[in-house]
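Read through the structure below, which is laid out as structure tokens, and then see the notes.
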Amino acid sequence: MSRKLSSEVTLEGVGKRYGDLWAVREVSLTIRPGEFFTLLGPSGCGKTTLLRLIAGFALPDAGGILLDGEPIDHVPPWKRDVGLVFQHYALWPHLSVYENVAFGLRERKVPRAQIAQKVAAVLSQVGLEGFERRRPSQLSGGQQQRVALARTLAVQPRLLLLDEPLSNLDAQLRAQMRIELARLQRDLAITTLYVTHDQAEALALSNRVAVMLEGAVVQQGTPEEVYWRPRNRFVAEFVGAANLFPVQVVELRETGVLVETGSGTRLPVPADPGRWRPGTRALLCLRPEALRLEEAAIGRGTGFLATVAGRVFEGDRHVYEVRLGEGAHLRVELPALGEGRIFRLGDRVRVELTAETAVLLPET
Ligand SMILES: Nc1ncnc2c1ncn2[C@@H]1O[C@H](COP(=O)(O)OP(=O)(O)OP(=O)(O)O)[C@@H](O)[C@H]1O
Ligand SMILES: [Mg+2]
């Protein structure tokens, strides 16, 4: 199992149609050898369909797929050497853990002694030594999940496709499995395409993320890029909490633009000045943790005057809701262990922001 497995996958304008609906449309992306790449998007946006196309369980109606530079459209699924862990993974209930993991190896006519070796190796990789003789019904959800993963890894695929593998686990176990999965993927250096509609999972695990909507990739990049430089409103709201409010561009500057809110507050915002014109309406996106609160009387610098309208303590942070003069609300997250003071309902505050964290988005 020490063999380094890493293949490159390229999708070129891939489309898949069901009747009148393009479930996947013009998807082009390259997943590099050893990379952990995630497809992130809401239910029905085409994530599973895209995995099925790569695995060979469905054929594209447009474009093509290459594995290590070779077109694979005419290669049947069992010859693609691609491991898929399904959204609703099904273990054989009447087989032991050992037999479940050995299944694919027996199908490939691997000699018995080698099977024993490989099963032992993958079970140890997923932390299930000693569970060989149990039945799936005698395992926890997380353990069953690991068997499903071990079963797929046992045949040493060139590419690992994981379809929401943690979705049926509770929040705590999911967070733990997330860390283990990241470690395992790093150790194996196996090219992995991961599917989830959970943005926290996508940001935590991935080298790169593609955000999908209605069959198309809206934006791809590192987790930091899609989080801090969302391309539009959908990405901004889908990959995290976002304060969005309408502004107007009033002036172009060398490295950004000056915008004005409804109540007349002016703020410099980093943006490509070539993309904007004075007078254009836009949306300003501010991440809640990029904002700070000061007492209105002492606050200085760029910011808005506001009134505290709500506060929730979430253990590691205080989440404030503040109301601006113009009636808009902002969500502000402050670390609970910070040295800052705690504000009360009705307090007058100044919301301060670092201009670099603000993003200007098209109005629609
Ligand atoms: N075999 C099929 N026949 C007809 N329509 C299909 C078929 N498979 C998927 N679709 C449709 O294609 C679209 C994409 O489905 P897909 O399963 O890829 O979404 P998904 O992103 O995986 O969603 P989820 O997060 O709910 O699993 C949906 O509108 C779905 O109804
Ligand atoms: Mg799906």
Looking only at the chain, where both bridge partners belong to it, what percent of the DSSP beta bridges are antiparallel (to the nearest 5)?
80 percent
Note to self, the chain gives a 222 nm [θ] from helices alone (DSSP H runs n ≥ 4, -39500 (n - 2.57) apiece, / all residues, nearest 500) of -7000 deg cm²/dmol
Assuming 0.692 mPa s and 37 °C, estimate D for the range 241-362 with Stokes-Einstein, Rh taken as the Kirkwood radius over Cα pairs, in µm²/s.
222 µm²/s
Connecting every pair of Cα atoms under 10 Å apart in the chain and solving the GNM, the largest mean-square fluctuation among A62, A297, A102 falls on A297
Would any residue of the range 16-58 have its amide N under 18 Å from a label point 7 Å out along Cα→Cβ of E224? List them or say none.
36-38
The chain: equivalent-ellipsoid semi-axes (sqrt of 5 x gyration tensor eigenvalues, Cα, Å):
46, 26, 15
Sequence gap of 8 or more, or different chains, plus Cα separation below 29 Å: how many lysine pairs satisfy both in the chain?
10
When the chain is treated as a Gaussian network with springs between alpha carbons less than 10 Å apart, the largest mean-square fluctuation among V249, V226, V312 is found at V312
Neighbourhood net charge (14 Å Cβ-Cβ; Lys/Arg +1, Asp/Glu -1) for T364
+1
Could you run the Karplus curve 6.51 cos²θ - 1.76 cosθ + 1.60 with θ = phi - 60° over the range 350-364 and give me ³J(HN,Hα) per residue in whole Hz, x for Gly and Pro?
10, 8, 9, 9, 8, 4, 4, 8, 7, 10, 9, 10, x, 4, 10
Return the single residue from T191, T307, T49 with maximal mean-square fluctuation; model: Gaussian network over the chain, springs between Cα atoms under 10 Å.
T307
Inter-label distance for T354 and A62, nm, one decimal - labels placed 7 Å from Cα along Cα-to-Cβ
4.2 nm
By how many degrees, 0 to 90 and rounded to 10, does the Cα axis of helix 97-107 deviate from the longest principal axis of the chain?
70 degrees
Please state the charge dipole magnitude for the chain, taken about the Cα centre, from unit charges on C-beta atoms (+1 on K and R, -1 on D and E), reported in debye and rounded to the nearest 20.
900 debye
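Would you kindly calculate the translational diffusion coefficient of the range 99-178, applying Stokes-Einstein with the Kirkwood radius from alpha carbon pairs, for 25 °C and a viscosity of 0.890 mPa s, and quote it in µm² s⁻¹ without decimals?
Estimated via Stokes-Einstein, D reaches 185 µm²/s.
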For the range 308-339 and the range 221-274, write down the distance between their C-alpha centroids in whole Å.
20 Å
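No value in this document is a laboratory result; all are computed from the given coordinates. The shown structure was predicted, so the numbers you read here are calculated from the model rather than taken from an experiment. Every residue, glycine as well, gets a Cβ built from its backbone with ideal geometry; the counts of neighbours run over all protein chains shown.
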